[in-house]
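Scroll down for the structure; my scribbles are underneath it.
Please treat every number below as a calculation from the coordinates, not as lab data. What you see is a predicted model, and the numbers here were worked out from it, not measured in a lab. Cβ sites come from the backbone with ideal geometry, for glycine too, and all protein chains shown count toward neighbours.
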Amino acid sequence: MIKQKGVRVGAVSNAFKILRWVLAQPRPVGVNPIARATGVSPSSCFNILQTLVAEAILEFDPTAKTYVRGPGLRELLPTAPDERAAFDRCAPLLAKFAEEYSTTVALWRVTPSERLILLGFADSPTSTRIHMTLGQRLPLLAGAGGRCVAASLGLSSETVAEHFKDLRWQKPPSLASYKRQVAEAARLGWAIDDGEFLNGVTTLAAAITDGSSEPRHVVGATFFQGQFPPST
């Protein structure tokens, strides 16, 4: 999955950036929120959205002035999975776990562009909540999820080191420690980040495959540090 970066055409990159963000939203959205979230100027964003509507990749509601997934997307990628449906299938299990352990549980998609993208989450109504935004993206090897992905992909020590130097941490682990944790994740099938990616927050994560050699999704549970004793 780790590939060299190719040449980028700005307009095409912006179109994909907009499309990815719109498809990740649980409800139709307007041009201004899309422009703010993607960093594309409102005028360019509007023109790109209108082009996607003309190609039936998105649909436009003229009354609400919002955009949503269009029928042309399925025609373009007839075998592409419906990622919202993927979350919907596992949502009851995530909600049960979140309620039982007073935590937030999220489903992340591993993308070919070397990112983790948030598809959905469940949290406990009795716990202090950690804010999460659908469609938010993380570097592929960040946090507990990143350790799981690195382990599942069997990345070389050199590749891990190359990506590690670009990660941003609030309490950075050493590269040697990170590599040991990746090896441990490969052995256990799950990984932990104890306040390193986000200070004061502990995350547990496991990668999910669909029978192929590469992980497709990552499930992560988020706790405040000290919420449970270490032996739990």
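Under a plain spin-label model, where a point goes 7 Å from the Cα along Cα-to-Cβ, how far apart in nm are Ala64 and Phe46?
Using points 7 Å along Cα→Cβ, the separation is 2.1 nm.
With a ≥ b ≥ c the root eigenvalues of the C-alpha gyration tensor of the stretch 95-180, is it rounded (a/c under 1.5), prolate (a/b larger than b/c) or oblate?
Cα axes put the stretch 95-180 in the prolate bin.
Quick one: compute the contact order of the stretch 99-216, relative version, from alpha carbon pairs under 8 angstrom and 6+ residues apart, as a percent.
The value is 23 percent.
On full extension of the chain, what length is gained from Asp166 through Asp194, given 0.36 nm per residue of separation minus the C-alpha to C-alpha distance?
8.1 nm
If I model a spin label at Thr133 and Glu158 as a point 7 Å from the Cα along the Cα→Cβ vector, what separation in nanometres do I get?
About 3.8 nm, to one decimal.
About the Cα centre of the stretch 163-225, what is the dipole size in debye to 20, counting +1 per Lys and Arg Cβ and -1 per Asp and Glu Cβ, all else neutral? Spell out each step's value before the answer.
Values: 7 positive and 7 negative charges, 37 e Å.
I would put it at about 180 debye.
Tell me the net charge near Arg187. Cut-off is 15 Å between Cβ atoms, Arg187 excluded, with +1 for each Lys or Arg and -1 for each Asp or Glu.
Values: positive: Arg147, Lys179, Arg180; negative: Glu184.
Summing Lys/Arg as +1 and Asp/Glu as -1 gives +2.
For Arg187 and Arg36, compute 0.36 nm times the residue count separating them, minus their Cα-Cα distance, and round to one decimal in nm.
Taking Arg187 through Arg36 to full extension adds about 50.2 nm, to one decimal.
Among Gln136, His217, Leu188, pick out the residue whose Cα is farthest towards the positive end of the charge dipole of the stretch 114-221, where Lys and Arg carry +1 and Asp and Glu carry -1 on C-beta, about the Cα centre.
Of the options given, the answer is Gln136.
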